Amino acid sequence: MPKSASLAAARATELAAQLYASSIVPTLVEYIKIPNKSPGFDPDWEKNGHMQRAMDLIVAWCRARKIDGMKLEVVHLPGRTPLLFIEVPGAVDDTVLLYGHMDKQPEMTGWAEGLGPWQPVLRGDRLYGRGGADDGYSTFASLAALEILQDQKIPHARCVVIIEGCEESGSGDLPAYIEHLRERIGTPSLVVCLDSGAADYERLWCTTSLRGMVIGNLHVDVLREGVHSGEASGIVPSSFRIARSLLDRLEDAETGRILPEWLYVPTPKQRVAQARAMAGALGAGIANHYPWRGATRPVTDDAAELILNRTWRPQLAITGADGLPPLGSAGNVLRAGTALRVSLRLPPGVSSERAKERLARLLTESPPYGADVRFEAEANDGWNAPELAPWLETALRESSQAFFDAPAAYMGEGGTIPFMAMLGERFPDAQFLITGVLGPESNAHGPNEFLHVPTARKLTCCVAATIRAHALR
Ligand SMILES: [Zn+2]
């Protein structure tokens, strides 16, 4: 192989710009219109057909690519969301696995005037709408990176692209597909994941860790039906109060600290040092991009603590509720029960399965007043990056410099990408480039989600450069 096969940055930039303008953004506009919510938010997804429509759209775009020898298949295991599997032969006897997902989060409320989840709007650099950034752009970016390499006749390893349809529901369908496709996947020595975050749009951001999670429904039922609160309060215990007291077993309501010691791991020294360095660079500005209301402020003034809270500590959010009528139709009723969606983020390295079992026991054992309490949950492990190989560090530094005109940066993420933990376990020798476009205000999962198009373009070029470096290493 010619060692001199360098990637011409200007030509790569030009082709990326052309691909995004002429076909990727227009296709993402169509993709955003399709409400292909993840099965956890659309139990009738198969009947509704949105997932299939989104997959058809993506596949049609892929088939039009100029990529030598590309083989593409939508794999359907019975009863599971479809998975797009693409193989591109390489000049090197080695494998790169590129991963993304095409299912979406639900609508969420609070979209600004003129914006909406299924309403694509291009304003300046931002393409608004659900699923463009998380993670619709991933298929396009993956193949565009390969097109950029082949355009310059730069050799690359065999590449396998996996786009799943179940990520936002915890990737429950994925292990079966990985098993099913085991032979065809092979043994990747580089994994590229395009579903992660960025602290700004000025450089290539590489994710060093992800949190795991336990997500479940806590049901507290005290009556068979609601009764007049004047009649019952003081005699019948409130299901809301019982839920509060159960949550107090888990979290200190004053500070937000999660109480059980078994939900913690010691944070690796290197990760603490990286958090301090990042806090030093970003300072108090670290929390500025959140849409704060009124005088609300972060849980602490210490920026390094905020970073560690978000990446290496368990934290609780209540993300939904049942049993509570909307305010406008809330009568004076002592309600029959309260159900809460409990989302507990876990530090990397905590076994989510064990945490799930212990959490269920913690929340349901000896409930106050003998109330009927249930907790049903799912679990996903976090992930901590293996030590970065020198070739990859160089590739990331150089490509960020070439395409963003700034050095690459490293940070932990507070979110969960279940597949990374699965891959880390299965391929312990693989290197990882986990990156993404979910930067300030991009608001994946919330209202006003957008894809920052220039970042996606530059990121695509960085991925191309990294795949090149992998082949030459
Ligand atoms: Zn995602």
key: In region 78-87, residue most open to solvent (accessible area, probe 1.4 Å) [restricted to those that are over 13 Å from L143 (Cα atoms) and more than 16 Å from the ligand (Cβ to nearest atom)]   = P78
ask   = Among the residues of region 323-345, is there at least one that is at negative phi, exposed (fewer than 12 other Cβ atoms within 10 Å of the Cβ) and among the hydroxyl-bearing types (S, T, Y)?
value = yes
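How many of the residues in region 126-158 are polar (S, T, N, Q), within 20 Å of the chain's Cα centre (by Cα) and away from the ligand (no atom under 16 Å from the Cβ)?
Taking region 126-158 as the starting set, the residues that turn out to be polar (S, T, N, Q) are 138-139, 142, 150, 152.
Next, from what is left, pick out any that are within 20 Å of the chain's Cα centre (by Cα): 138-139, 142.
Filter again for away from the ligand (no atom under 16 Å from the Cβ), leaving none.
Qualifying residue count, region 126-158: 0.
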request  = Tell me, yes or no, whether region 174-191 has at least one residue that is open to solvent by less than 30 Å² (accessible area, probe 1.4 Å), in a strand (DSSP E or B) and within 15 Å of the ligand (Cβ to nearest atom).
outcome  = no
request  = Considering only residues that are touching an Asp or Glu at 6+ places or on another chain (Cβ under 6 Å) and within 14 Å of the ligand (Cβ to nearest atom), look in region 440-462 and name the one that is most open to solvent (accessible area, probe 1.4 Å).
outcome  = N443
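Quick one: is L57 of a type in the set (A, V, I, L, M, F, W, C), part of a helix (DSSP H, G or I) and within 24 Å of the chain's Cα centre (by Cα)? Walk me through how you get there before you give the answer.
Values: of a type in the set (A, V, I, L, M, F, W, C): yes; part of a helix (DSSP H, G or I): yes; within 24 Å of the chain's Cα centre (by Cα): yes.
Considered against the rule, which asks whether it is of a type in the set (A, V, I, L, M, F, W, C), part of a helix (DSSP H, G or I) and within 24 Å of the chain's Cα centre (by Cα), L57 comes out as yes.
Filter region 192-207 down to the residues that are within 18 Å of G131 (Cβ to Cβ) and in a loop (DSSP other than H, G, I, E, B), then identify the one that is farthest from the ligand (Cβ to nearest atom).
Step one: list which residues in region 192-207 are within 18 Å of G131 (Cβ to Cβ), which gives 193-198.
Applying the additional criterion that residues be in a loop (DSSP other than H, G, I, E, B) yields 194-196, 198.
On the way: L194: 9, D195: 4, S196: 8, A198: 13 Å.
Going through the qualifying residues, I end up with A198.
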key: Hits in region 362-393 - residues which are open to solvent by 50 Å² or more (accessible area, probe 1.4 Å) and in a helix (DSSP H, G or I)   = Y369, G370, P390, W391, E393
key: Single residue of region 418-432 satisfying the filter (touching a strand residue (DSSP E or B) at 6+ places or on another chain (Cβ under 6 Å), of a type in the set (A, V, I, L, M) and farther than 30 Å from W118 by Cα) that is farthest from the ligand (Cβ to nearest atom)   = A430
remark   = Those residues of region 88-115 which are within 21 Å of the chain's Cα centre (by Cα), away from the ligand (no atom under 15 Å from the Cβ) and open to solvent by less than 10 Å² (accessible area, probe 1.4 Å) amount to V96, L97
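The values are calculated or read from the model by the stated rules, or taken from the named source; none is laboratory data. Since we're looking at a predicted model, the values are computed, not measured. With ideal geometry, Cβ positions are generated from the backbone for all residues, glycine too; neighbour counts draw on all protein chains shown. Side chains are part of the model used for accessible areas, which takes the heavy atoms of the whole protein and leaves out ligands, DNA and RNA. Shrake-Rupley method; radii C 1.70, N 1.55, O 1.52, S 1.80 Å.
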